[in-house]
Amino acid sequence: MDDLAGRLSDVRGRIERACSRAGRPAASVRLIAVTKNHPAQTVQALIDLGVRDIGENRVQEIEEKAPALTGEFTVHMIGHLQTNKAGKVWPLAEWIQSVDRERLVRRLEGLYGGENGPSAGSAPDGRCRGGIRPPGKKKVLVEVNTSGEESKSGCRPEECLGLCEIVARSAALDLRGLMTIGPLGGDERAVRRAFAQLRELSRTCCTGIEAPELSMGMSGDFEWAVEEGATMVRVGTVLVGGRVY
């Protein structure tokens, strides 16, 4: 627990210093703690330490962990979401950061209003109780593949505007901004270029949003992301340590 608290303090300090360098308030960046391949006990410890945003890459891990957690927190689905698993995520995650195709939008629309009925354990104030949320509009980010790597999901930059328009028209989804993953193994210039591209895309694709979210930056590059305008950083390894398999 002490090690976890120390790493959390270090990550928060690094975010604050990056914000200072960029002339931004530290409160303008939300830390998403990514706990892939870590048990629910680790996630609960983070919540007890004051972390309010939990990111998961896999549907199965959301299903296993979220109902076991207590306290006030928000679950973000940050990994590629298959349409046939969207129904499992809908009652558990408030945010879906990986909307990258129209087919997924249509599947999520089919779940709006509680296709599976009101969620057991939901509370009228909309807060998370036992990891389960009441049905309602889902906050989403459109994922963009800014690096052009074939191994990554995300729409192409030239598709971003069209997909954002589809999401913005949806009665089921609440478009909040964009998400990207920096080039794997890229140098600082390449990584910053990818983040800057997402920032520029938000100016043309998120014109109807007062303060678009930019989710970008992970353990190896989140400080660069903050300096390039990130409002959310998704930090795993440097926060919770190596993955437990």
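The values are calculated or read from the model by the stated rules, or taken from the named source; none is laboratory data. Since we're looking at a predicted model, the values are computed, not measured. So basically every Cβ, Gly included, is an ideal-geometry build from the backbone, and we count neighbours across all protein chains shown. These area figures cover heavy atoms from the full protein model, side chains too; ligands, DNA and RNA do not enter into them. Shrake-Rupley method; radii C 1.70, N 1.55, O 1.52, S 1.80 Å.
Given (1) of a type in the set (Gly, Ala, Ser); (2) at pLDDT 95 or above; (3) in contact with a Leu (Cβ under 7 Å, 6 or more places away or on another chain), identify the lone condition not met by Gly131.
(2)
In this structure, is Leu104 in contact with a strand residue (DSSP E or B) (Cβ under 6 Å, 6 or more places away or on another chain), open to solvent by less than 50 Å² (accessible area, probe 1.4 Å) and at pLDDT 95 or above?
no
Please go through the range 3-59 and pick out each residue that is surrounded by fewer than 19 Cβ atoms within 10 Å (Cβ to Cβ), touching a Cys at 6+ places or on another chain (Cβ under 9 Å) and in contact (Cβ under 8 Å) with a residue 40 or more places away in the chain.
Hit for the range 3-59 is Ser28, nothing else.
Could you give every pair whose Cβ atoms fall below 8 Å, whose first residue belongs to the range 74-100 and is farther than 21 Å from Met216 by Cβ and of a type in the set (Val, Ile, Thr), and whose second residue is open to solvent by 20 Å² or more (accessible area, probe 1.4 Å) and not in a strand (DSSP E or B), counting only separations of at least 6 or pairs across chains?
Qualifying pairs under 8 Å: Thr83/Arg103; Thr83/Arg107.
Give the number of residues within the range 182-215 that are in contact with a Pro (Cβ under 7 Å, 6 or more places away or on another chain) and under 13 Å from Asn145 (Cα atoms).
4
Examine the range 156-171 for a residue that is modelled with pLDDT of 95 or more, open to solvent by 50 Å² or more (accessible area, probe 1.4 Å) and within 23 Å of Thr74 (Cα to Cα), and state whether such a residue exists.
Looking through the range 156-171, at least one residue is modelled with pLDDT of 95 or more, open to solvent by 50 Å² or more (accessible area, probe 1.4 Å) and within 23 Å of Thr74 (Cα to Cα).
Return the residues of the range 215-233 that are open to solvent by 30 Å² or more (accessible area, probe 1.4 Å) and not charged (D, E, K, R); say none if nothing qualifies.
Met218, Gly220, Trp224
List every residue pair whose Cβ atoms sit under 6 Å apart, with the two residues 6 or more apart in sequence or on different chains, where the first one lies in the range 153-182 and is more than 25 Å from Val29 (Cα to Cα) and the second, anywhere, is assigned to a loop (DSSP other than H, G, I, E, B).
Close Cβ pairs (under 6 Å, with a partner that is assigned to a loop (DSSP other than H, G, I, E, B)) amount to Ala172/Tyr112.
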